[in-house]
Ligand SMILES: [Zn+2]
């Protein structure tokens, strides 16, 4: 008989705990009780200490902490394939913003976010950092599928169906945060869209709120060269300098993209303890450029990895994103040893957790943390032989090798399928509605 209190003992071939040591353990077990990791111990010790536990043997599997997608717009899954092959400004102004103005309501966000949450969970993502309108609909999609979400308290300098002024955006987001207090899966970031869509007064207000409420600030920065040129002509300074004037370059900052940075800006981010969410596929697809990751890492800036939304990637495949990220960093810097596999795994987990202010709860396999875990099946013939499971994970494996996923101790993906019948039914209902959304995108 198993109950919620019966410990579950996971016995894979390899465990990569990320912390306190970022290596690989063999002949070890993870003990989960309720929502938490109770122990990480040699298998024989775990069996001895937890005699009544149920045991799941996972031969040929590597268990890592759940992956954290440090930047996405989950609801945009319904816009996958809209405006392909356009540069950022035309993509936003001609395709995405008009489509969002016509379509984006709570129903659109709920369905898009559910599709995205499913795609991410199946790809080993257990937490996503989101920025979109109607975050309450994204919250309910996350709860339905049992994925962890850091929801953006979005602010953008033009009216939408969601809110009509900076004050209203902030008020709605903060009310949602109050309403979700105590939800184990949900946390919040302030999410001013970008320096070029948010005015100085609002940026200063966001900085005050971040300080008062101890919230991360999730914002696109220095994505394109044009953004910097326009800031210089309109404000006389580069966007990061504007953010700094507003008091936003602090340990709370998660600067998304950060493609175009000079050495002083890299030094500023490092000295203030700010983090960068690197989104290489989006930067490549929109021809925004290649972020200076080797220089950021050398300077000691915390770098996490994000997929961005489905309309600019077009996959929410964080493992593929990580492979591209490290290959690009090596190729662009001429240094094959930059961002080795173990460090990439730390970027995908503990470093991203730290950027979100969640590193006391998630990001590593340590007793007392929440049980957010992924088991990758490295037994597939295309992954043989396994000399080093970490390099195999980053350079060879794909999201198709994600076999099992736990979030907050819940077994949400079992043998590559959703573990909850309710979640699976809701997903089928959303999939059945996709043609309706597709028609509305095309005819709008
Ligand atoms: Zn984005």
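The values are calculated or read from the model by the stated rules, or taken from the named source; none is laboratory data. From a predicted model like this one, the values you see are computed outputs, not experimental measurements. Glycine also receives a Cβ, built like all others from the backbone with ideal geometry; neighbour counts cover every protein chain displayed.
What to note about this one:
- Of the listed requirements (1) within 14 Å of the ligand (Cβ to nearest atom); (2) in contact with a helix residue (DSSP H, G or I) (Cβ under 8 Å, 6 or more places away or on another chain); (3) over 19 Å from residue 89 (Cβ atoms), residue 270 misses just one: (1).
- Selection from segment 174-222 of residues that are within 16 Å of the ligand (Cβ to nearest atom) and farther than 21 Å from residue 68 by Cα: 194, 195, 196, 197, 198, 222
- Residues that are in contact with a strand residue (DSSP E or B) (Cβ under 7 Å, 6 or more places away or on another chain) and not in a loop (DSSP other than H, G, I, E, B) do not occur anywhere in segment 359-367.
- Scanning segment 399-426 for residues that are touching a residue at least 60 places away in the same chain (Cβ under 8 Å) and in a strand (DSSP E or B) yields 402, 403, 404, 405, 406, 407, 410, 412, 413, 418.
- Test: residue in segment 224-244 that is within 25 Å of residue 307 (Cα to Cα), at pLDDT 95 or above, part of a strand (DSSP E or B) and out of contact with any helix residue (DSSP H, G or I) (no Cβ under 7 Å at 6 or more places or on another chain): no
- Residues that are surrounded by fewer than 17 Cβ atoms within 10 Å (Cβ to Cβ) and touching a residue at least 24 places away in the same chain (Cβ under 8 Å), drawn from segment 44-79: 47, 52, 54, 55, 57, 59
- Looking across segment 314-347, the residues that are more than 14 Å from the chain's Cα centre (by Cα), under 23 Å from residue 85 (Cα atoms) and either within 16 Å of the ligand (Cβ to nearest atom) or crowded, with 24+ Cβ neighbours inside 10 Å (or both) come down to 314, 325.
- Enumeration of residues in segment 26-75 that are within 16 Å of the ligand (Cβ to nearest atom) and in a strand (DSSP E or B): 68, 69, 70, 71, 72
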